[in-house]
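Single-structure report; data block below.
The values are calculated or read from the model by the stated rules, or taken from the named source; none is laboratory data. Predicted, not measured: the structure shown is a model, and the values here were computed from it. Glycine also receives a Cβ, built like all others from the backbone with ideal geometry; neighbour counts cover every protein chain displayed. Note: areas computed on protein heavy atoms with side chains; ligands, DNA, RNA excluded. Shrake-Rupley method; radii C 1.70, N 1.55, O 1.52, S 1.80 Å.
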Amino acid sequence: ALSAFFSTSSRRGAIKNVMVVGSGLMGAGIAQVAAVTNHQVTLVDQTNAILTKSMRSIEKSLGRVAKKKFQDDAEGANKFVTDALSRITVTTEPHSAVGEVDLLVEAIVENIRVKHKLFSDLDKAAPSHAIFASNTSSLPIGEIASVTNRKDRFGGLHFFNPVPLMKLVEVIRISETTDETFDALFQFSKELGKVPVACRDTPGFIVNRLLVPYLLEAIRMLERGDASAKDIDTAMKLGAGYPMGPLELADYVGLDTTKFIIDGWHEKYPDVQVFNPSEILNDLVAREKLGKKTGEGFYKYD
Ligand code: CAA
Ligand code: NAD
């Protein structure tokens, strides 16, 4: 009874130990903002080389944030960066650290089979109070959670790229998610300095349900030869006030991720024309031109 009391009381306490699995564009950003807001973070990926690269990108991003936050205070800026970095531990072996976690955020490749394998493995090793969350862009949270025995402690925690700058987090509950879990995810998002919104477990949640069809329409416009990539992007920036044009944004999101989202939805909703495959997109991905992260997509990057 005593241990039950302690585990309940620690669950009520704020989320302290966070594991982020996947250290790509999103996982690195999530780890960064969690560390900045005083969480202890374990960042996981498949190889040490990937983790080294991720830590470099986190350091660079922290440097950009610090420069703004501590304009005439080089020492303060330096401390901000080193303190945040010191709260992140990296590993390729999540089992070794998952026993300590309060929250696990998954940000690996957008593939249901790979996500299932990860969650079923870690479910067995994580403490019973730990909450599991997926940062998926397009897969049903309920389907991801189905392989675990903690559906009541499972939800969607959908961040936006670039995580250090984008204020929104979509918090998604499935029918089994308890109020306690949902509140903890909502509270955690606020602790990270984000603005959470609630959404049911529907395809694309709020933002991607609107954004992905728009990105696809822009790609089709390019495919039809209606306008050049540059002119489509200039038009949406200057004519609709978007910070990035749609093709620039697809490059920023990653063309592989964009394709995973579209292919998954096309398979599920074959009658919805906007989710039909795009030749240009398929071709760029086949040639490993995945956008900004690989140096080339619709555009070239240094
Ligand atoms: N980390 C830290 N700081 C960063 C940063 C990063 N990763 N990226 C940019 N910054 C900083 C820059 O240093 C710069 O700081 P200063 O003001 O001190 O110069 C500032 O942010 C502005 O950056 P830039 O001048 O380079 O560029 P910008 O003004 O165009 O802003 C942007 C960059 C915020 C990314 C903006 O272009 C933007 O909002 N783009 C749209 C992003 C978007 O729509 N994201 C959602 C994608 S969809 C998604 O994420 C969901 C999904 O499931 C696919
Ligand atoms: P990414 O390709 O940049 O990174 C994915 C990382 O996961 C890679 O470093 C890869 O090595 C790692 N990984 C793959 N399988 C793994 C495993 N089994 N164990 C540990 N690590 C593994 O992808 P990303 O853009 O960061 O996307 C990650 C997730 O976030 C996807 O579900 C995606 O749909 C979602 N998402 C992406 C964006 C975006 O704009 N890119 C925005 C919101 C959500």
Mind checking which strands (runs of 3 or more DSSP E) fall wholly inside the range 131-208 and carry at least 1 residues that are within 11 Å of ligand 2 (Cβ to nearest atom)? 131-134, 154-158, 168-173
What are the pairs with Cβ atoms under 9 angstrom where one residue, in the range 171-188, is aromatic (Phe, Trp, Tyr) and the other, located anywhere, is part of a helix (DSSP H, G or I)? Sequence gap at least six, or different chains. PHE188/ALA34
Conditions (1) surrounded by fewer than 21 Cβ atoms within 10 Å (Cβ to Cβ); (2) within 15 Å of ligand 1 (Cβ to nearest atom): number failed by ASP231: (2)
Would you be able to say whether some residue in the range 215-228 is within 14 Å of ligand 2 (Cβ to nearest atom) and either on the phi < 0 side of the Ramachandran plot or open to solvent by 40 Å² or more (accessible area, probe 1.4 Å) (or both)? yes
Of residues in the range 257-277 being within 15 Å of ligand 2 (Cβ to nearest atom) and in contact with an Asp or Glu (Cβ under 8 Å, 6 or more places away or on another chain), the one farthest from LYS300 (Cα to Cα): GLY264
Residues in the range 254-264: is at least one surrounded by fewer than 20 Cβ atoms within 10 Å (Cβ to Cβ) and free of Cβ contacts under 8 Å to residues at least 40 places away in the same chain? yes
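Considering only the range 19-47, state which residues are of a type in the set (S, T, N, Q) and part of a loop (DSSP other than H, G, I, E, B).
Going through the range 19-47, the residues of a type in the set (S, T, N, Q) turn out to be 23, 32, 37-38, 40, 42, 46-47.
Result: SER23, THR37, ASN38, GLN46, THR47.
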Inspect all residues belonging to the range 153-160 and state whether any of them is open to solvent by 10 Å² or more (accessible area, probe 1.4 Å) and farther than 26 Å from THR52 by Cα. yes
Just checking, which of VAL109, VAL147 is open to solvent by 60 Å² or more (accessible area, probe 1.4 Å), farther than 19 Å from LEU211 by Cα and of a type in the set (Val, Ile, Thr)? VAL109
Checked LYS68, LYS115, LYS60 against criteria (assigned to a helix (DSSP H, G or I) and buried (at least 21 other Cβ atoms within 10 Å of the Cβ)); the one match is LYS115
Please determine whether any residue of the range 271-288 is assigned to a strand (DSSP E or B) and either small (Gly, Ala, Ser) or open to solvent by 30 Å² or more (accessible area, probe 1.4 Å) (or both). no
Determine if the range 38-59 includes at least one residue that is away from ligand 2 (no atom under 15 Å from the Cβ), touching a helix residue (DSSP H, G or I) at 6+ places or on another chain (Cβ under 8 Å), of a type in the set (Val, Ile, Thr) and modelled with pLDDT of 95 or more. no
Hey, can you tell me all the residues within the range 35-53 that are open to solvent by less than 30 Å² (accessible area, probe 1.4 Å) and under 14 Å from PRO164 (Cα atoms)? ALA35
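Could you say whether any residue in the range 145-154 is more than 18 Å from THR92 (Cβ to Cβ), of a type outside the set (D, E, K, R) and within 17 Å of the chain's Cα centre (by Cα)?
Yes; the residues of the range 145-154 include at least one that is more than 18 Å from THR92 (Cβ to Cβ), of a type outside the set (D, E, K, R) and within 17 Å of the chain's Cα centre (by Cα).
Name the residue, out of LYS69, LYS117, LYS79, that is within 16 Å of ligand 1 (Cβ to nearest atom) and of a type in the set (D, E, K, R).
Values: LYS117 fails: within 16 Å of ligand 1 (Cβ to nearest atom); LYS79 fails: within 16 Å of ligand 1 (Cβ to nearest atom).
Being within 16 Å of ligand 1 (Cβ to nearest atom) and of a type in the set (D, E, K, R) holds for just one of LYS69, LYS117, LYS79, which is LYS69.
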Of the conditions (1) assigned to a helix (DSSP H, G or I); (2) under 19 Å from the mean Cα position of the chain (by Cα), the single one that LEU85 does not satisfy is (2)
From (1) in contact (Cβ under 8 Å) with a residue 40 or more places away in the chain; (2) more than 16 Å from ligand 2 (Cβ to nearest atom); (3) surrounded by 20 or more Cβ atoms within 10 Å (Cβ to Cβ), pick out the condition that doesn't hold for VAL101. (2)
